[in-house]
Amino acid sequence: MSDLPETRSPVADYLAANRKPLATLLFVVGAIIALLGLYSVGVKSGIQAAISAKKDKEPDAAEKINPEVLKSGDATKVDYAVAGVLGLFAGLALIAVGVWVSNRAPGTLAPTDARVALLTAGGSLGFFLMILGLWLTYSWFQPLVDWLDKGERNGAKWPVLAVAVFLAGGALAFFSALPARSEERTNPTIRKLVYASNLVLSSLLLLVALVAVNVFVSLRVPNALDTTEGGFYTYELSEATKDYLAKLDRPVTAYVTIPRAGEDHITRDTYRLLEACAAANPDKFKLRPLSPATDRDEFLRLATKFPQANMRTDPGILLVAGADESAFAFIRDIDLAESQLGRQSRDVFQGEAKLTRELLFLAEGKAKAAVYFTTGSGELSVAAGERSRRSASRLRTVLEKNNVEVKTLAAGIEAVAVPDDAAMVVVADPTQGLPEKLVAAIQKYMTQPGKTGKKGKLILIAGPHPIPGTNKGVAPTGLESLLATFGVHLDPGYLLARSSANIPYEIAIGIPSDEQILAGNPIALAFGNWRIGLENSRVVTAASNPNGPISAATLLSTPPGGVSWIEPDPPTDPVKSIKAMQANVSLMKDWRVSQEARSLAVVVKEGDVSRAVVVGCGELFVDRPDRGGGDTSFPAELFANAVDWLRDRPAVANIANKTYGRYNVKPDPGFVRGTLVPVGLVLFAVLALGTGVWVTRRK
């Protein structure tokens, strides 16, 4: 190795021939850099501390500095301190190299010594510049993010300066090592210095590359990965909410008075929800956290202006609409979630549903829609708190949550009429025909424009019930002729189906229509993946050629392939019915045995206006704690979706809630999983790394 010819370097030769000027230059440059470092640590950091004190309304600390010197800057006290310390060390390193050069043998400097001096001085200064660039990039990271993510260029000069300092340091360290490479294989000292320089330079460049890639990925690639079943660490707005927020026609400000100290998952999701809303439409939706202590004046102003919100006693979200704050709504923090009790307790976050409903309420001028339920013909009871076989109080509960006023409509001795304020009429599963006066009133309401110039809207829930006083046939509702004008036919029979061996024949499985899902019907979209059990149901058919602009379409149907039939009288024993059909083939024809899909619910539109929803099952909406493993909310939500569809409200009106599970982690993982596996993995990694280094060095 020692006999290899030495490669000449013009730079090293020049420095070797000018030992004294080189030493002087190193002394001067090192002293200047060291003095600048001392000035930055001792003076500039103090000035920035005074600036911060003045900005924080601490005049006593700021008075010690000349007011003309107090100029707002973009660097902080810590930035100047770090830059000063790095400059001081870099200056001392250059001075040390200068001392070493001046103490070499008199005369010209040996080329090897010149290479060592250049490598040491340039490498030291370059590495200190690179570290300074990294620190400044970290300190000015937010302007960098704003520039890359939002295109805000006001503060872009500072991260660009930081990157320029880093690149300049890297270039200086790299080119300082080039002359020494000629003696890398022949001189052990130079080889160690070159390898050390390469190690530091490569490590810093790798660090920067990893940071740059992570910054780019975090800003440009969707990178949220929440593997928890309930989305415990993230919050993703539904597409309906995003679409609704994007179309807000007037500004909304959300003042949040819920404290974040010691926050739980409900509080975290509340803030994540509001932050996501603000990001969806930053021009129209503003988020403003409000503390009664630090924002006392603003808090008192709002509490005085909106006393109905009880902000002084109830933390929550105050929604204020319009630049003039002409309308408001308040959501208490205790209304953002509820607990479901059962075999496994669960917390249900209903913040998005509550928020969007209140936004709709504000958009509608805080006017509650009136929905009239008919009474007197054996309909389901929506009376609050009632517990009976025909109780459907959950329908009232979910409607009132949607800011709907529930009223009743009954036929009296005198002629009855549907009130002018009726947003729609609901006939909830009558067990006998409606009185003629009520039928006439509904007929007029649905076919003739009212005082508002619009025709009425109807929800008919019509499960099959025997004729009163008998156990035969199906009692007519009285609305069959009206339904015919809308292209809807109620089959006068009892549907039985064989969906699977685990489901009784009396329960037909309903799935949303693919046609309505593709059409964007919010009822179908909300329950697109559901299989809904409808007990004691009938077939509701949509006519293929309805009258005029009216169009009827299937909303729910049974899956094709399952055997079903329709009996004219209330079924008592489906197994006997099957045996009877097997013995009498003509009975199969009379009872219309089929494997085709059966329509169970129909929606009606007149042009682009929603007019009616007809469901052939009433048992679905009865309050029953045994439905769906204890969850009785989805039938009421289905009904609420139908109400909102008829009101032509956007799909955002009924957003699914977010459910959290409560899980107990096993405290002791055991000796194998807790000790042997981690230790074994670490030993394997060390052995693999050592083997790789050994193989590489052998080569």
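The values are calculated or read from the model by the stated rules, or taken from the named source; none is laboratory data. Remember, predicted model here, so these are calculated numbers, not experimental data. No Cβ is skipped: glycine too gets one built from the backbone with ideal geometry, and neighbour counts run over all protein chains shown. Keep in mind that these areas ignore ligands, DNA and RNA; they rest on the heavy atoms of the full protein, side chains included. Shrake-Rupley method; radii C 1.70, N 1.55, O 1.52, S 1.80 Å.
The figures follow:
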| item | result |
| --- | --- |
| Some residue of region 550-563 being modelled with pLDDT of 90 or more and over 19 Å from S499 (Cβ atoms) | yes |
| Test: residue in region 636-653 that is on the phi < 0 side of the Ramachandran plot, open to solvent by less than 10 Å² (accessible area, probe 1.4 Å) and modelled with pLDDT under 60 | yes |
| Residues of region 599-608 that turn out to be open to solvent by 60 Å² or more (accessible area, probe 1.4 Å) and at pLDDT 90 or above, as a count | 1 |
| Boolean, T632 is open to solvent by less than 20 Å² (accessible area, probe 1.4 Å), modelled with pLDDT under 85 and within 36 Å of the chain's Cα centre (by Cα) | yes |
| Test: residue in region 249-261 that is open to solvent by less than 30 Å² (accessible area, probe 1.4 Å), part of a loop (DSSP other than H, G, I, E, B), within 30 Å of D648 (Cβ to Cβ) and polar (S, T, N, Q) | no |
| Qualifying residue in region 76-90 (condition: at negative phi, open to solvent by less than 60 Å² (accessible area, probe 1.4 Å), more than 48 Å from the chain's Cα centre (by Cα) and modelled with pLDDT of 65 or more) | yes |
| Tally, over region 493-521, of residues that are open to solvent by 40 Å² or more (accessible area, probe 1.4 Å), within 30 Å of I442 (Cα to Cα) and either assigned to a helix (DSSP H, G or I) or in contact with a Gly (Cβ under 7 Å, 6 or more places away or on another chain) (or both) | 2 |
| Residue match in region 393-413 (condition: more than 22 Å from K457 (Cβ to Cβ) and at pLDDT 90 or above) | no |
| Long-range neighbours under 9 Å by Cβ, at least six apart or interchain, first residue assigned to a helix (DSSP H, G or I) and at pLDDT 90 or above within region 464-486, second open to solvent by less than 10 Å² (accessible area, probe 1.4 Å) and of a type in the set (S, T, Y) | L483/T477 |
| Flag for R312 being in a helix (DSSP H, G or I) and either without any contact (Cβ under 8 Å) to a residue 40 or more places away in the chain or surrounded by fewer than 16 Cβ atoms within 10 Å (Cβ to Cβ) (or both) | no |
| Residue match in region 579-598 (condition: out of contact with any helix residue (DSSP H, G or I) (no Cβ under 8 Å at 6 or more places or on another chain), on the phi > 0 side of the Ramachandran plot and loosely packed, with under 15 Cβ neighbours inside 10 Å) | no |
| Residue in region 315-335 that is surrounded by the fewest Cβ atoms within 10 Å (Cβ to Cβ), counting only those that are over 19 Å from E352 (Cα atoms) and of a type in the set (D, E) | D324 |
| Total residues in region 530-572, condition open to solvent by 50 Å² or more (accessible area, probe 1.4 Å), within 19 Å of V603 (Cα to Cα) and assigned to a loop (DSSP other than H, G, I, E, B) | 7 |
| Selection from region 582-609 of residues that are farther than 13 Å from L555 by Cα, touching a strand residue (DSSP E or B) at 6+ places or on another chain (Cβ under 9 Å) and part of a strand (DSSP E or B) | S594, E606 |
| All positions within region 271-297 that are of a type in the set (D, E, K, R) and over 29 Å from the mean Cα position of the chain (by Cα) | R296, D297 |
| Strands (runs of 3 or more DSSP E) within region 358-458 that include 3 or more residues open to solvent by 40 Å² or more (accessible area, probe 1.4 Å) | 404-409 |
| Conditions (1) hydrophobic (A, V, I, L, M, F, W, C); (2) open to solvent by 10 Å² or more (accessible area, probe 1.4 Å); (3) free of Cβ contacts under 8 Å to residues at least 40 places away in the same chain; number of the one not met by A524 | (2) |
